[in-house]
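Student: One structure, pasted below without further comment.
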Amino acid sequence: MFGEGSSTYAEFAVLSAWARMPEGLTFEEAAGYPSVVETALRIIRESGVRSGQTLLVSGASGGVGSAVLQIARDRGITVIGTAGAANQDYLRGLGALATTYGEGWVERVRELGRVDAALDLAGSGVIRELVELTGDPRKVISIADLDAPKLGVRFSGVAGSVPDALAEAVRLITRDALHIPVEKSYPLAEAALAHIDSQAGHTRGRRVLVV
Ligand SMILES: NC(=O)c1ccc[n+]([C@@H]2O[C@H](COP(=O)([O-])OP(=O)(O)OC[C@H]3O[C@@H](n4cnc5c(N)ncnc54)[C@H](OP(=O)(O)O)[C@@H]3O)[C@@H](O)[C@H]2O)c1
């Protein structure tokens, strides 16, 4: 089984959702899915983006971004993703149009196409630009910038508001439509190091603790 809950750095934990693990996944791989898939489904829904439209994802190569890109592709949504130079091919491999963040990024995004909705996953202080690109603060969602509401943008932070997220994860994984890589796993004793590495904000996919 795999699932999610709170206080799960433990041998035994109370889960709020669980499901049979899809065949072929290791426990480490399976652990990487539940929370990012719930987050991705929630913020895609909250952004209002639909099939045939274009979604801009700022900070697209982390765990949440990797899930957003693949779920959007599965739904016929075009994605423009930003990440560092080393992750451009990774984003393209997940079906997105890719460009780098940093100076001139707004122009580079404009050259890639019109943007209908945008997600701020990196919390890198780009809310104003995302509102400019979409033309409407209601079409922008942040999961990483607590100041977003000052510009009329919703901060999405209520986990668990997509009750069938785990079932959807299983469906996508089973159809080979979703794969979240594990960048590194750590023994429980190295949980602090996992947090330090994670806080650097450059993880491709997930970091996982092994109990
Ligand atoms: N509110 C919620 O419900 C919720 C749920 C889950 C996660 N979160 C939060 O959401 C954030 C994203 O988490 P994550 O695990 O997916 O990924 P992450 O490791 O925090 O972020 C990685 C992404 O951000 C990019 N990035 C790094 N610096 C950037 C910059 N200056 N400008 C633009 N992009 C930049 C990285 O690209 P490179 O690696 O190529 O540099 C990569 O694409 C975290 O802050 C996490 O705590 C919130």
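The values are calculated or read from the model by the stated rules, or taken from the named source; none is laboratory data. Quantities reported herein were computed from a predicted structural model and do not represent experimental measurements. Using ideal geometry, Cβ is built from the backbone for each residue, glycine included, and neighbour counts are taken over all protein chains shown. The accessibility values were calculated without ligands, DNA or RNA, using every heavy atom of the protein model including side chains. Shrake-Rupley method; radii C 1.70, N 1.55, O 1.52, S 1.80 Å.
Student: Select, from GLY65, GLY81, GLY76, GLY125, the only residue that is open to solvent by less than 50 Å² (accessible area, probe 1.4 Å), near the ligand (Cβ under 10 Å from one of its atoms), not assigned by TED's automatic domain parsing to the domain that holds TYR186 and not in a helix (DSSP H, G or I).
Tutor: GLY81
For every residue, the table says whether it meets (1) hydrophobic (A, V, I, L, M, F, W, C); (2) near the ligand (Cβ under 10 Å from one of its atoms); (3) within 18 Å of HIS202 (Cα to Cα); (4) open to solvent by 60 Å² or more (accessible area, probe 1.4 Å).
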residue	(1), (2), (3), (4)
ALA72	yes, no, no, no
ALA85	yes, yes, yes, yes
LEU94	yes, no, yes, no
GLY113	no, no, no, no
ALA117	yes, no, no, no
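Student: Out of all the residues in segment 128-145, which are in a loop (DSSP other than H, G, I, E, B) and within 17 Å of the chain's Cα centre (by Cα)?
Tutor: Matches in segment 128-145: ILE143, ALA144, ASP145.
Student: Here's a follow-up. Scan segment 101-119 for residues that are part of a loop (DSSP other than H, G, I, E, B) and among the charged types (D, E, K, R) and jot them down.
Tutor: Of everything in segment 101-119, those that are part of a loop (DSSP other than H, G, I, E, B) and among the charged types (D, E, K, R) turn out to be GLU103, ARG114, ASP116.
Student: Every residue in segment 26-45 that is more than 14 Å from the ligand (Cβ to nearest atom), surrounded by 18 or more Cβ atoms within 10 Å (Cβ to Cβ) and touching a residue at least 40 places away in the same chain (Cβ under 8 Å), please.
Tutor: Listed by number, the list holds a single entry, GLU29.
Student: Right, next: With respect to GLY48, is the statement that it is among the small types (Gly, Ala, Ser) and buried (at least 16 other Cβ atoms within 10 Å of the Cβ) true?
Tutor: So GLY48 fails the test.
Student: Continuing with this model, one more query. Can you find, within segment 170-190, the residue that is surrounded by the fewest Cβ atoms within 10 Å (Cβ to Cβ) among those that are of a type outside the set (Phe, Trp, Tyr) and touching a Leu at 6+ places or on another chain (Cβ under 6 Å)?
Tutor: LEU188
Student: Also, I was wondering about something else. Against the conditions (1) within 12 Å of the ligand (Cβ to nearest atom); (2) open to solvent by 20 Å² or more (accessible area, probe 1.4 Å); (3) not in a strand (DSSP E or B), where does ALA167 fall short? Just the number, please.
Tutor: (1)
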